[in-house]
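The values are calculated or read from the model by the stated rules, or taken from the named source; none is laboratory data. Note that the structure is a prediction, hence the values are computed from the model and not measured. Ideal geometry is used to build each Cβ from the backbone, glycine not excepted, and the neighbour counts take in all protein chains shown. Areas reflect the complete protein model, heavy atoms only, side chains present, ligands, DNA and RNA absent. Shrake-Rupley method; radii C 1.70, N 1.55, O 1.52, S 1.80 Å.
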Amino acid sequence: MKAVEMLGIRKIYPDGVVALRGVDFEVEEGEIHGLLGENGAGKTTLMRILYGEIHATDGEIKVFGRRVRFRSPRDAIRHGIAMIYQHFSLVPTMSVLDNLYLSMSAVNPGVSRDDTEERAEKLIAETGLRIPLGKTVEELPVGVQQRVEILKALIRDARILILDEPTSVLTPLEVEELFTSLRRLRDKGITIILITHKLREAKAITDRVTVLRRGSKVGTVKTSEASEQQLARMMVARDVELVIEKPPSRGPGREVLRIEDIWVKGGEGVDALRGVSLVVREGEILGIAGVQGNGQTELCETIAGLRKPYKGRILLDSRDVTWLDTKERYRLGIAYIPESRKIGLIHDMSVLENSILTSIDEYTGRLGIVNWKKAKEKAVEVIKEYGVQPPNPDTPVKFLSGGNQQKLMVGREIARKPRILVVAEPTQGVDVASTEFIRKRLLELRNQGIGILLVSTDLDEIFQLSDRVAVMYEGRIMGEGRVEEFTPEKIGLLMGGVNA
Ligand SMILES: Nc1ncnc2c1ncn2[C@@H]1O[C@H](COP(=O)(O)OP(=O)(O)OP(=O)(O)O)[C@@H](O)[C@H]1O
Ligand SMILES: [Mg+2]
């Protein structure tokens, strides 16, 4: 039985962007189906159409053999479809159970809180999703919140689950747990559609894969019959280097950044950084590994000047910058690419405006008038170099796909030729070809003598790019050394707070 049949789906957005050009997409009941494709290929658009959130310009949809026409997600939910986003739709201050109850009563007003609890417990037992029903949502790690979203879907009798890049916010252990649960759900007959950029994950978990390229379907293949290389080729229509050759560094030069015994308070008065000391030299990449939430964000923000330490010093080229504000630090050569596009970009502004956001002074004349002609040249350069789609500087950033937003932000900061680049998760949500491109650019910068502090939860990235590695755990550096001194296992232990 086919769970989903989408036939001849076309989508032209109101601003004229053709996102899908007649796509046929079929999913069997009870399979895990991967949806792959470069940034902007149309994956999210296709799934939002299936979920009734947006409407196709053309085409036909059948769910379990029946022709459907969804006006909104409510209709889709009624047909057993659920979509789980990276940004969850839970009420943070309420308990898990109350969240489930709230969402249950929205579709079935007669349901009681006790019924909800009973059903939830039964589903937890059946699926192995570990979820504390009594806890408040905001206390839970992201991985658990994601499980709550899945449970919320199941409790409303979802038969088809759509997950859009679900692993990008998870730690390696949480990914394993998610996959175990997804396999169990599949074995119970639930159909799962998984959007991902990670070929290794697609290989590990899916039964079949469909690849989209620029709004058209390239093909659907059985996962067991395609190698990672073949999938990559289908996506970009050329050979991609899955492993980048790291050019020998010219040897670390002078010290650019020195952090001495930094202590910083995080939320709720708890110390987020507890005596961190680090040095980054010219022409080297220092990789910071660690499970998300162990102080990496606070470290980056402290260097960028967005947070103030209550103890310790920060030196840039031997100059104490601890008390300088962000703008002054930027002028002295610090660039920061945050992990969240939400804070790095202003979504209602255009690509053009966003591409000069952090270097506005360079484009502003003595009378405070922005030189838009010059700014446009810069924007066009970034768009060209990083292949930002669509290549129009006047497009509002909110119309760009997730990966294209990331490319824009990375391109903008790298183009500033800083002394030190602080960069967090530069390739999160970025497709294979652009990942390769961004990583190569970072290595080029390093070889031009720029110091790079790279925060990444992706161990492949850490190993491919770093000259030295430091592992963070609960606001401290658990271990540090040259990359050759580490194995993934050793980093894994340090990440978990175990001294290797
Ligand atoms: N709301 C919108 N308005 C106008 N254009 C849009 C909108 N949403 C997406 N697009 C455009 O449609 C195309 C497909 O975008 P979509 O988000 O479906 O890609 P994707 O395959 O999910 O990419 P990514 O891997 O980067 O998430 C892109 O060119 C994008 O810029
Ligand atoms: Mg997407």
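Among beta bridges from DSSP that stay inside the chain, the antiparallel ones total about 55%.
Per 0.36 nm of contour for each residue apart, how much would the distance between residue 180 and residue 381 grow if the chain were fully extended, relative to their Cα-Cα spacing?
Once the chain is fully extended between residue 180 and residue 381, it gains 67.9 nm.
Contact order for segment 255-495, expressed relative to its length and based on alpha carbon pairs under 8 Å spaced 6+ residues apart, stands at 29 percent.
Sum up the charges of everything whose Cβ sits under 12 Å from the Cβ of residue 382, counting Lys and Arg as +1 and Asp and Glu as -1, but leave residue 382 out.
Every neighbour counted, the sum reads +3.
Solvent exposure of the chain amounts to 44 Å² per residue of accessible area, where only protein heavy atoms count and the probe is 1.4 Å. Past 27 Å, Cα to Cα, is the threshold; run 308/384; 11/440; 152/188; 2/217; 198/440; 203/440 against it and keep the listed order. Pairs exceeding the cut-off: 308/384; 11/440.
Roughly how compact is the chain, stated as its Cα Rg over 2.2 N^0.38 Å to two decimals? Intermediate values should be presented prior to the final figure.
Numbers: Rg = 23.6 Å, N = 500, 2.2 N^0.38 = 23.3 Å.
With N residues counted in the chain, Rg over 2.2 N^0.38 Å equals 1.01.
A simple spin-label model places pseudo-atoms 7 Å from Cα toward Cβ; at residue 498 and residue 447 they are separated by 3.8 nm. Each label was represented as a point 7 Å from its Cα along the Cα-to-Cβ direction; for residue 349 and residue 372 these points are 1.4 nm apart.
Taking the Cα centre of segment 2-236 as origin and charging only Cβ (+1 Lys, Arg; -1 Asp, Glu), how large is the dipole, in debye to the nearest 20?
Working: 35 positive and 33 negative charges, 160 e Å.
My answer is approximately 780 debye.
Between residue 7 and residue 268, what FRET efficiency comes out of the Förster formula 1/(1 + (r/R0)^6) with R0 = 41 Å and r the beta carbon distance, rounded to 0.05?
0.20
Relative contact order of segment 115-231, taken over Cα pairs closer than 8 Å and 6 or more residues apart, is 20 percent. Mean separation of Cα pairs under 8 Å and 6 or more residues apart, divided by the residue count, gives the chain a relative contact order of 15 percent.
The slack in the chain from residue 254 to residue 28, taken as 0.36 nm per residue of separation less the alpha-carbon distance, amounts to 75.5 nm.
Spin-label model, residue 308 to residue 489: label points 7 Å out along the Cα-to-beta-carbon direction sit 4.7 nm apart. Using R0 = 30 Å, the C-beta based FRET efficiency linking residue 18 and residue 332 works out to 0.10.
Relative intensity of segment 2-236 on a log10 scale, I(q)/I(0) at q = 0.07, 0.08, 0.12, 0.18 Å⁻¹, equals -0.22, -0.29, -0.66, -1.40, per a Debye sum over C-alpha point scatterers of equal strength in the absence of solvent.
The share of accessible area on the chain that comes from carbon and sulfur is 50 percent, using a 1.4 angstrom probe.
How large is the helix-only mean residue ellipticity at 222 nm for the chain, computed as the sum of -39500 (n - 2.57) over DSSP H runs with n ≥ 4, divided by its residue count, in deg cm²/dmol to the nearest 500?
On the way: 17 runs with 170 residues, N = 500.
Rounded to the nearest 500, it is -10000 deg cm²/dmol.
With a cut-off of 13 Å between beta carbons, the residues surrounding residue 277 carry a summed charge of +1, where Lys and Arg count +1 and Asp and Glu -1. Across the protein chains, with a 1.4 Å probe defining accessible surface, the residues 458, 348 rank 348, 458 from largest area downward. The stretch between residue 221 and residue 476, if pulled fully straight at 0.36 nm per residue, gains 87.3 nm over its current Cα-Cα span.
What size of dipole, in debye to the nearest 20, comes out for segment 171-313 about its Cα centre when the only charges are +1 on Lys and Arg C-beta atoms and -1 on Asp and Glu C-beta atoms? Write down the numbers at each step before the final one.
Details: 25 positive and 20 negative charges, 96 e Å.
The calculation lands at about 460 debye.
Counting only alpha carbon atoms, the long axis of helix 142-155 and the longest principal axis of the chain meet at about 10°. Annotation note: trypsin sites (Lys or Arg not before Pro) in segment 5-111 located in DSSP loop regions with a Cβ neighbour count of at most 10 within 10 Å are 69, 71.
So for segment 255-495, what are the equivalent ellipsoid semi-axes in whole Å, largest first, each being the square root of 5 times an eigenvalue of the Cα gyration tensor? Mind dumping the intermediate values first?
Details: eigenvalues 171, 88, 53 Å².
They are 29, 21, 16 Å, listed from largest to smallest.
For the chain, a simple Cβ point-charge model (Lys and Arg +1, Asp and Glu -1, everything else neutral) yields a dipole of about 1220 debye relative to the Cα centre.
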